[in-house]
Amino acid sequence: MPVAVRLPTVLRPHVGGRAVVELSGSTIGEVLNELVGANPGLAGQVIAEDGELNKFVNIYVNDDDVRYLQKLDTPVKDGDEVSILPAVAGGAG
Amino acid sequence: MARVQSVLELIGNTPMVDVSALSPNPNVKIYTKLEGRNPAGSVKDRVALSLVEQAEADGILTPGKPGQILIEPSSGNTGIALAMVCRLKGYHLKVVLPTNVSIERRQLLEVFGAEIIESPGSEGSNGAVRMARQLASEHPEWTFLYQYANPANPKAHYEHTGPEIFRDCPEITHFVAGLGTSGTLLGVGRYLKEQDPAIQVWAIEPPTGEMVDGLRNLDDGYIPPIFAELGGAEILDRKTVVRPKESIEWTRKMTDLGLFVGISSGAIMAGAVRCASQIPEGETATIVTIACDDGWKYLSTGAWTDDIDTVVERAKKVIYF
């Protein structure tokens with residue numbers, strides 16, 4: 001199923017400069033594996049060596065952070081928008 | 001408490017108001033705690049007082065001793081609250097402030113005599129944090145309270161905001177608040193889960209916008225040290241982004257109930273509405289949200305009166321959380 005994955009500027013050089021990549025998969029883990037498989041420069045950046053999400057990366061499915069859903073097992077469906085974003089200070093201070 | 005010795009005694013014990021009229025689900029009640037009632041106008045009064053009093057208790061600051069300087073990164077409210085506390089106690093405050101905050105936030109810092117050091121707006125709060133850390137390391141004689149890493153920040157909410165919420169609304173099932181330093185969510189969330197582990201804690205955050213474009217690599221990202229150290233990931237049950245348009249729409253809807261609150265309070269209300277609409281049919285719930293501040297500091301953005309699309313474009317360029 002096609003899922004649009006939006007990448008931050010810092011990761012775009014590893015995907016040929018693209019801001020959005022169309023991928024497929026039924027979970028976030030599957031989608032990210034396809035992303036890293038096709039773009040080896042991303043290895044170790046989005047998913048850390050221990051197989052978990054890099055702590056400096058937040059991944060959202062339609063505005064919900066997957067860390068608080070089912071992490072890499074979070075299901076995705078046709079038309080979902082996935083965003084990969086660096087963790088930054090929110091700015092409420 | 002109608003007569004007090006010091007304005008500091010007016011911090012906390014804020015009222016909670018029923019906003020269920022805005023709930024999309026008749027089985028879900030929503031209450032909002034009006035933190036704009038604090039004397040310097042926001043939830044950050046609690047944090048500022050806690051940070052300064054802890055530093056005094058630890059002997060880092062000495063009341064009445066001349067020449068004491070503090071430095072702090074803030075997009076506004078913590079700076080304003082600290083400026084008020086420092087003015088009253090005789091400390092000199094330097095605030096590292098991103099250039100893209102509303103003019104009123106800047107003016108309020110000046111009202112209380114804080115010195116403003118500008119950080120690049122394009123780097124958002126991250127840039128202010130980075131610059132303050134750099135300046136603090138170059139000036140070890142300055143006191144750097146560092147709200148993002150100081151346990152006195154969540155402690156203020158663990159000891160006061162959380163107990164106030166549970167006292168006023170013991171039937172609470174969900175707590176929804178904004179994520180910045182994470183102090184409110186960690187302090188209140190931990191307290192509430194100790195009372196009833198079933199209480200759900202939802203974090204609402206603004207989109208990161210163009211700010212993240214300035215990052216050179218992922219390790220330039222930033223997680224508040226208190227979030228990591230105090231097990232933030234275990235306390236939060238959900239983290240969700242609310243976009244500027246929805247934030248402003250809900251800020252406006254709150255005026256139907258006579259509530260003139262800041263834009264982040266509208267974002268948090270939008271998050272509470274999202275939460276209410278996900279409560280399964282046949283179940284009841286009681287959501288408590290935080291309205292961080294009132295609307296005064298955002299009048300210049302035209303949030304209530306200008307064309308909504310114009311306001312949304314403006315909001316994307318300023319830090320309103």
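Values quoted throughout were computed directly from the atomic coordinates according to the rules given, and no laboratory measurement underlies them. What you see is a predicted model, and the numbers here were worked out from it, not measured in a lab. No Cβ is skipped: glycine too gets one built from the backbone with ideal geometry, and neighbour counts run over all protein chains shown.
Going by a ≥ b ≥ c, the root eigenvalues of the Cα gyration tensor, does the stretch B:121-275 fall in the rounded group (a/c under 1.5), the prolate group (a/b larger than b/c) or the oblate group? Kindly include the intermediate steps, with their values, before the conclusion.
On the way: a/c = 1.90, a/b = 1.29, b/c = 1.48.
Since a/c reaches 1.5 but b/c is at least a/b, the shape of the stretch B:121-275 is classed as oblate.
Filter B:K29/B:K253; A:K71/B:K239; B:K44/B:K297; B:K33/B:K94; B:K65/B:K94 down to the pairs with a C-alpha to C-alpha distance above 19 Å, please.
Values: B:K29/B:K253 16 Å; A:K71/B:K239 12 Å; B:K44/B:K297 14 Å; B:K33/B:K94 30 Å; B:K65/B:K94 17 Å.
In this structure, B:K33/B:K94 lie more than 19 Å apart at Cα.
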Quiz item: So what J values fall out for the stretch B:220-234 if you push phi through Karplus, 6.51 cos²θ - 1.76 cosθ + 1.60 with θ = phi - 60°, rounded to Hz, Gly and Pro as x?
Solution: 6, x, 9, 10, x, x, 5, 5, 5, 6, 9, x, x, 5, 7
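Could you grab the relative contact order for chain B? Cα pairs under 8 Å, six or more apart, rounded to a whole percent. Write out the running numbers ahead of the final one.
Values: 614 pairs, mean separation 68.2, N = 321.
Worked out over chain B, it gives 21 percent.
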Quiz prompt | Positive-end extreme of charge dipole, the stretch B:1-101 - chosen from B:I71, B:G90, B:S50 (charges on Cβ) | solution = B:G90
Self-check item: Between 0 and 90°, nearest 10: helix B:308-317 axis offset from chain B longest Cα axis
Solution: 40 degrees
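What fraction of the Cα pairs in chain B, stated in percent, has a spacing above 26 angstrom? Please list the in-between numbers first.
On the way: 22636 of 51360 pairs.
That fraction is 44 percent.
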Quiz item: Between the stretch B:275-307 and the stretch A:35-93, what is the C-alpha centre distance in whole Å?
Solution: 27 Å
Quiz item: When the Karplus curve 6.51 cos²θ - 1.76 cosθ + 1.60 is applied with θ = phi - 60°, which whole-Hz ³J(HN,Hα) does each residue of the stretch A:19-36 get, with x for Gly and Pro?
Solution: 8, 10, 10, 8, 9, 10, x, 9, 9, 4, x, 5, 4, 5, 4, 5, 4, 6
Quiz prompt | Likely footprinting exposure, A:D65, B:D306, fewest C-beta neighbours within 10 Å first | solution = B:D306, A:D65
Quiz item: How far is helix B:263-277 tilted off the main Cα axis of chain B, in degrees rounded to 10, range 0 to 90?
Solution: 30 degrees
Self-check item: Cα-centred dipole magnitude for the protein assembly as shown, charges only on beta-carbon of K, R (+1) and D, E (-1), debye, nearest 20
Solution: 840 debye
Practice problem: Please identify the longest segment of chain B free of exposed GluC sites (Glu not before Pro), where exposed means a DSSP state other than H, G, I, E or B and no more than 15 other Cβ atoms within 10 Å. | Solution: B:1-140
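Using the Cα gyration tensor of chain A, with a ≥ b ≥ c the square roots of its eigenvalues, what is the shape: rounded (a/c below 1.5), prolate (a/b larger than b/c) or oblate (neither)? Before the final figure, lay out each step's value.
Values: a/c = 1.31, a/b = 1.11, b/c = 1.19.
Rounded, because the longest to shortest axis ratio a/c is under 1.5.
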Exercise. Could you name the aspartates and glutamates whose alpha carbon sits less than 19 Å from that of B:K193, not counting residues in the same chain fewer than 8 places away?
Key: B:E159, B:E164, B:D168, B:E171, B:E229, B:E234, B:D237
Quiz prompt | Other-chain or far-sequence residues with amide H under 5 Å of B:T143's (modelled H) | solution = B:I69, B:L70, B:I71
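Please order B:H160, B:H139 by the number of other Cβ within 10 Å, starting at the fewest.
Details: B:H160 20, B:H139 13.
By the 10 Å Cβ count, ascending: B:H139, B:H160.
Taking a ≥ b ≥ c as the square roots of the Cα gyration tensor eigenvalues, with a/c under 1.5 meaning rounded and otherwise prolate when a/b beats b/c, else oblate, which class fits the stretch B:44-161? Don't skip to the answer; put the middle values down first.
On the way: a/c = 1.40, a/b = 1.30, b/c = 1.07.
Rounded.
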Exercise. Positive end of the charge dipole of the protein assembly as shown (Lys, Arg +1 and Asp, Glu -1 on Cβ, about the Cα centre): tell me which of B:Q195, B:N27, B:Y146 has its Cα farthest that way.
Key: B:Y146
Practice problem: Putting +1 on Lys and Arg Cβ atoms and -1 on Asp and Glu Cβ atoms, find which of B:A270, B:I204, B:A228 reaches farthest to the positive end of the dipole of the stretch B:201-284. | Solution: B:A270
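Size of the dipole of chain B about the Cα centre, Lys and Arg at +1 and Asp and Glu at -1 on the beta carbon, nothing else charged, in debye to 20? Write down the numbers at each step before the final one.
Working: 30 positive and 40 negative charges, 71 e Å.
Result for chain B is approximately 340 debye, rounded to the nearest 20.
Under a Cβ-only charge scheme (Lys and Arg +1, Asp and Glu -1), can you give me the dipole magnitude of the stretch B:15-158 about the Cα centre, in debye to the nearest 20? Walk me through the numbers before you get to the answer.
Numbers: 14 positive and 14 negative charges, 64 e Å.
Dipole about the Cα centre, nearest 20: 300 debye.
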